[in-house]
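The values are calculated or read from the model by the stated rules, or taken from the named source; none is laboratory data. Please read these numbers as outputs of a predicted model, since none were measured by experiment. Here Cβ is always computed from backbone atoms with ideal geometry, including for glycine, and neighbour counts include all displayed protein chains.
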Amino acid sequence: MIALTVHIGKKEIACLHRVYRQSERATKNAILDVIERRAHGRLLDCGCGDGEFTVQIACRARVSEAYGIECVDDHLEEAIDRGVIVTKGDLNDPLPYKSCFFNIVHANQIIEHLLNIDLFLAEVKRVLRPDGYVILSISNLASWHNHLPPALAMEAVPLYVRNGVTGDRAFDPLQEIRHPSEGDSRLIIFSSQDLARLCLYHGFWLERLTFAGYYPLMSQPMGMLDSVHATILVARLRPIC
């Protein structure tokens, strides 16, 4: 088999960056669209970053307390300044909260980075109240940009063969960007059926599934016409009591 090498120019990279940013905005909008109010409740944002989006979710859900777990020191201070109750921690470890503590648990493109997804989902089930819900967003295995590169003997866009500079990924808007930590490497991606089966195994049923983002081309119109092959899956899960 002959491996093909595809190179694209700066204009094409800039275009992919725009599409990537559109996809990120679409993902956040899709998450906000599936948020249900939990007045006076508690939110846990797993991988809360600087807390900006955590606060948006908290406002949409009308919760009284927003908690977050984050491993990057620079982000911790920013999240605290925004009023998030932040714990520095590793999501590969048990969650540092008591059982049945949260009304909402949110994880935006987190589980594909974890070494032990089973432990994480079991811990989410433990800390979630029986009447609560979970919002997960993950990279979509069925996305077209995950099929074309392997067909050309290139690295799939969401995955990294190593930390540091990425491999031969002509369709990746983040190509040639150095990734500063192991946490930036995706270890696995899911189809919607994979996600549903995994969550059912851990005692959740998939109540609602939406799709967000689309690239590399014509992201907005194609995302509406061909949502099954969108970039991101956004799922709302309920615990099976």
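Could you check residue 25 against (1) within 24 Å of residue 210 (Cβ to Cβ); (2) modelled with pLDDT of 90 or more; (3) not aliphatic (A, V, I, L, M) and say which number it fails?
(2)
What number of residues within the range 184-197 satisfy the criterion of being surrounded by fewer than 17 Cβ atoms within 10 Å (Cβ to Cβ) and among the hydrophobic types (A, V, I, L, M, F, W, C)?
Within the range 184-197, residues that are surrounded by fewer than 17 Cβ atoms within 10 Å (Cβ to Cβ) and among the hydrophobic types (A, V, I, L, M, F, W, C) number 2.
Could you please find all residues in the range 51-62 being surrounded by fewer than 21 Cβ atoms within 10 Å (Cβ to Cβ) and in contact (Cβ under 8 Å) with a residue 24 or more places away in the chain?
Answer for the range 51-62, where residues must be surrounded by fewer than 21 Cβ atoms within 10 Å (Cβ to Cβ) and in contact (Cβ under 8 Å) with a residue 24 or more places away in the chain: 52, 53, 55, 56, 60, 62.
Can you tell me which residue among 226, 168 is at pLDDT below 50 and either among the hydroxyl-bearing types (Ser, Thr, Tyr) or over 28 Å from residue 73 (Cβ atoms) (or both)?
168
Please work out if residue 120 is aromatic (Phe, Trp, Tyr), surrounded by 18 or more Cβ atoms within 10 Å (Cβ to Cβ) and under 22 Å from residue 205 (Cα atoms).
When the stated conditions are applied, residue 120 passes them.
Run down 86, 134 and say which single residue is surrounded by 17 or more Cβ atoms within 10 Å (Cβ to Cβ), β-branched (Val, Ile, Thr) and closer than 16 Å to residue 239 by Cα.
The unique qualifying residue is 134.
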